[in-house]
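As structure tokens, the structure follows; a few thoughts come after it.
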Amino acid sequence: MMITDLVAPEAIIPALKVNSKKQALQELAARAAELTGQNDRAIFEVLLRREKLGTTAVGYGVAIPHGKLQKLDKIFGLFARLDRPIDFEAMDGQPVDLVFLLLAPEGAGADHLKALARIARLLRDQDIANKLRASRDAQAIYSVLALPPATVP
Amino acid sequence: MASLDSVSLAILLGAILVMAGILSSLLALRFGAPLLLVFLFIGMLAGDSGPGGLTFSDVQNTYLVGSAALALILFDGGLKTRFQSIRTVLAPSMVLATLGVLLTALVTAPVAKYALDLNWTEALLIGAVVASTDAAAVFLLVHAQGLRLRPRVGATLEAESGTNDPFAVFLTLMLVELISVGDSSIWHVVLEFLRESMLGGIVGVIGGRLVVVALNRVALPQGLHAPFVTTAALVIFGVAQISHASGFLAVYLAGIIIGNRPTRAHNSVVTFLDAATWLAQIVMFVLLGLLVSPYRLLDSVVPAVVVALVLMLVARPLAVFLCLAPFPFNWREKLFIAWTGLRGAVAIFLASIPMLVGLSKAYLYFDVAFVVVIISLLLQGWTLAPAARLLHVALPRADRGPRRVELDLPGQLEQQLVGYAVRPMSLFLRRGLIPSWSKPTLVIRNEKILTPAEADPITAGDYLYLLAPPEKAEALDRFFVDMQPMASPDPHLLGDFLVSGEITLGDIAQIYGISVDPTAGQLTLADYFDVHLDHAPKEGAVLPLDTIVLVARNISEGRVNAVGLRLPEDEEKLPPLTRMGAFRQKAAKAWSSVAGT
């Protein structure tokens, strides 16, 4: 599975301006709603429900908010590089500036989990994360995400 | 004037006895002897057949002191019980506390009948007197030996011993009534029991809530909160007893309710009751020791030993295994619970009831109970710690938290002041991390009090005091222990996401679309680890849940409170191993097989 199977070029936000975790989730939900045609409120609530179980910040400045949405027809990913790092209640305390949002349809089951695992492992790679941080526009970010997985150690 | 002198003498002697009890605890701790036994022996030594030569046969006063002491001990036990920790063991401990006591009494009775040549009712009375495990003994011996049990086993034992005393008291009173008055029907007994326990429950719950309200509404002078709560416990006990409800059940429940709600001066109440309980234990055991006559004891010692052995080796294990059969305990846990059926003051106290009433064989009951308690404390009390380790129910000592100072702040309940010594290798100092819900408030350096701003930067050796909600104080420990210097492990092994141990399997199943047993949906992740892991969880312990793997990431007080979720990935694309990498992997594997991690 390629990351670019999950995220389309137009679902990349190169410099999102937000001040808080809540605002970030709201913004991402709104963008995701535009691209999928779903209700932004519903998306936001799904994400919030997941955050209640424990933060989706995975450390090293990366967060992967996710959840399941009933009416979605396929797995949908959205990547955002934040203009300024924000507190995402990460266990390692590091502020987050790379956010990958993943929404899955109700019946996605194993594919949902595999996609999440794939993203988590990709963004944990410090080389990739630093390249993403250094990229200034959507095209550059997309090309980093599109690197074939074999080059990922 | 002579009568005044005798009062003074009584005070002097009483105080000396109690003080001897307190000092003897040093001795007991050094030699690991069960403390309670030492108190008992102090009483015996002072008694009429020991060198003390005091004649004491005041059953009335013993009963009075015993009741009050027991009520306080049970109240204290309830106060320290976290409802969250007993919630999952409520069912098994209730079965043990009722059916278990009945079974133990029934199995012990035939042996008592033939060994002591009694009729059935009298034999059953012996069974009832020795049937309940002693809350004081269990609480005290488990904690005094520095033993930390697996949470589920420990919670079951504590909840059982707290709630079975009322049942044993009831059973004993019923049988005493039966012997002294005569006939009674089984329905009468059952109805009476239901009435007593219901009423006791109601009095306890209402009383507990009233105390909470009073504590938080009435502005008592500083220092009177603890005595107020203590006397309130005795009032609750008295109200319940007078209305023929179970006073012991009532105080235990009231204790649980008060201990699990935010109240003013909670810490000072707990400290005060700790002291009160110690005193109650010592006074009660010394008195009971005084009451016994070792010479008379010799007459019935052989049959009494037989009763004790049957009780410990047959009746209690049988009752435990039968009662716990429907619950998910493994055999080692059941065996340990069976072995920790410590008898204590309750048995001797119950045995003083026939004396009080004046039954014909009253001394026999008392002597048998006395021998049973001594043997139980000696044999079981002394072997408690080795048994716990042998049966893998003890937690490793290593994960002891740092010393935490908690201070109540008058005027509100949401926050308290929590203090720590700042350690050089702590997460706080190394990474400057602190949870957002806590607020550094003052720093003590070289006996000077500074504000955090003045003290900046905080260094090792300072004392830091933070404001934090009382229920979260424990979660702060993590930031102030010395971190183990460890190579950062493969993040994949730790899991991709981190969730709290208090969320349920149902939550996880819903969000990740995995299937879990519907009956387990309400189980929290911490409970899931507790139930399914065969040994105490260590950091890094893994447990599969459908297709994902749960990883214990943080453990506190034996409970897993942070869980990593390791998600499945089908195409595990490993880079081709370089020679160095392959060597490193082999070495790591060899090391882990040697180190056994």
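The table for this structure:
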{"item": "Residue list for region B:495-531, filter: among the β-branched types (Val, Ile, Thr) and either within 15 Å of B:THR547 (Cβ to Cβ) or at the interface with chain A (Cβ under 10 Å from one of its Cβ atoms) (or both)", "result": "B:VAL499, B:ILE503, B:THR504, B:ILE508, B:ILE511, B:ILE514, B:VAL516"}
{"item": "Filter result (within 14 Å of chain B (Cβ to nearest Cβ) and β-branched (Val, Ile, Thr)) within region A:118-147", "result": "A:ILE119, A:ILE128"}
{"item": "Candidates B:ALA105, B:ALA109, B:ALA68, B:ALA97, filtered to the one that is under 19 Å from the mean Cα position of the chain (by Cα) and hydrophobic (A, V, I, L, M, F, W, C)", "result": "B:ALA97"}
{"item": "Elements of type helices (runs of 4 or more DSSP H) in region B:299-416, at least 3 residues being within 17 Å of B:ALA168 (Cβ to Cβ) and in contact (Cβ under 8 Å) with a residue 24 or more places away in the chain", "result": "B:316-324, B:345-357, B:362-375"}
{"item": "Whichever residue in region B:162-204 is in a helix (DSSP H, G or I) and hydroxyl-bearing (Ser, Thr, Tyr) and, among such residues, is surrounded by the fewest Cβ atoms within 10 Å (Cβ to Cβ)", "result": "B:SER180"}
{"item": "Criterion (under 29 Å from B:ALA214 (Cα atoms) and modelled with pLDDT under 75) met by exactly one of B:LEU407, B:LEU413", "result": "B:LEU413"}
{"item": "Residues of region A:13-28 that turn out to be within 13 Å of another protein chain (Cβ to nearest Cβ) and either part of a helix (DSSP H, G or I) or within 23 Å of B:TYR512 (Cβ to Cβ) (or both), as a count", "result": "1"}
{"item": "Criterion: in contact with a His (Cβ under 8 Å, 6 or more places away or on another chain) and touching a residue at least 24 places away in the same chain (Cβ under 8 Å) - qualifying residue of A:LYS68, A:LYS114", "result": "A:LYS68"}
{"item": "Identity of the residue in region B:264-277, in contact (Cβ under 8 Å) with a residue 12 or more places away in the chain and hydrophobic (A, V, I, L, M, F, W, C), that ends up surrounded by the fewest Cβ atoms within 10 Å (Cβ to Cβ)", "result": "B:VAL270"}
{"item": "Test result for B:ALA385, within 22 Å of B:LEU335 (Cα to Cα), modelled with pLDDT of 80 or more and out of contact with any helix residue (DSSP H, G or I) (no Cβ under 6 Å at 6 or more places or on another chain)", "result": "yes"}
{"item": "Region B:226-263: number of residues that are surrounded by fewer than 22 Cβ atoms within 10 Å (Cβ to Cβ) and in contact with a Ser or Thr (Cβ under 6 Å, 6 or more places away or on another chain)", "result": "1"}
{"item": "Leading residue by the ranking (surrounded by the fewest Cβ atoms within 10 Å (Cβ to Cβ)) among those in region B:423-467 that are under 12 Å from B:PHE480 (Cβ atoms) and of a type in the set (Gly, Ala, Ser)", "result": "B:ALA460"}
{"item": "Which numbered condition A:MET91 fails, given (1) buried (at least 19 other Cβ atoms within 10 Å of the Cβ); (2) under 22 Å from A:ALA24 (Cβ atoms); (3) within 8 Å of chain B (Cβ to nearest Cβ)", "result": "(1)"}
{"item": "Test: residue in region A:133-149 that is among the small types (Gly, Ala, Ser), assigned to a helix (DSSP H, G or I) and under 30 Å from B:ALA509 (Cβ atoms)", "result": "no"}
{"item": "Residue, nearest to A:GLU34 (Cα to Cα), within region A:78-117, restricted to residues that are of a type in the set (Lys, Arg) and touching a Leu at 6+ places or on another chain (Cβ under 8 Å)", "result": "A:ARG81"}
{"item": "Top-ranked residue of region A:68-88 - restricted to ones that are surrounded by 23 or more Cβ atoms within 10 Å (Cβ to Cβ) and closer than 21 Å to A:ASP111 by Cβ, ranked as nearest to the other protein chains (Cβ to nearest Cβ)", "result": "A:GLY77"}
{"item": "Residue count for region A:5-31, restricted to those that are of a type in the set (Gly, Ala, Ser) and modelled with pLDDT of 90 or more", "result": "3"}
{"item": "Qualifying residue in region B:101-116 (condition: under 20 Å from B:GLY558 (Cα atoms), assigned by the TED database to the domain that holds B:ARG209 and out of contact with any Leu (no Cβ under 9 Å at 6 or more places or on another chain))", "result": "no"}
{"item": "Members of region B:430-456 found to be within 13 Å of chain A (Cβ to nearest Cβ) and among the aliphatic types (A, V, I, L, M), listed by number", "result": "B:LEU433, B:ILE434"}
{"item": "Listing of helices (runs of 4 or more DSSP H) fully contained in region B:45-114 that carry 1 or more residues being modelled with pLDDT under 85", "result": "B:59-79, B:83-87"}
{"item": "Whichever residue in region A:105-116 is within 8 Å of another protein chain (Cβ to nearest Cβ) and surrounded by 22 or more Cβ atoms within 10 Å (Cβ to Cβ) and, among such residues, is farthest from B:LEU567 (Cα to Cα)", "result": "A:HIS112"}
{"item": "Residue check, A:ALA63 away from every other protein chain (no Cβ under 12 Å), at pLDDT 90 or above and within 20 Å of A:ASP92 (Cβ to Cβ)", "result": "no"}
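This table checks each residue for (1) within 22 Å of B:LEU17 (Cα to Cα); (2) free of Cβ contacts under 8 Å to residues at least 40 places away in the same chain.
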| residue | (1), (2) |
| --- | --- |
| B:SER57 | yes, no |
| B:LEU64 | yes, yes |
| B:SER67 | yes, no |
| B:ASP76 | no, no |
| B:ARG87 | no, yes |
| B:ALA91 | no, no |
| B:MET94 | no, no |
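Let's see how each residue does on (1) at pLDDT below 85; (2) part of a loop (DSSP other than H, G, I, E, B); (3) under 23 Å from B:TYR528 (Cβ atoms); (4) out of contact with any helix residue (DSSP H, G or I) (no Cβ under 8 Å at 6 or more places or on another chain):
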{"site": "B:PRO424", "(1), (2), (3), (4)": "yes, yes, no, yes"}
{"site": "B:LEU433", "(1), (2), (3), (4)": "yes, yes, no, no"}
{"site": "B:ILE444", "(1), (2), (3), (4)": "no, no, no, yes"}
{"site": "B:ALA460", "(1), (2), (3), (4)": "yes, yes, no, no"}
{"site": "B:ALA473", "(1), (2), (3), (4)": "yes, no, no, yes"}
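The values are calculated or read from the model by the stated rules, or taken from the named source; none is laboratory data. Keep in mind that this is a model prediction, so the values were computed, not measured. In this analysis, Cβ positions are derived from the backbone assuming ideal geometry, glycine residues included, and neighbour counts consider all displayed protein chains.
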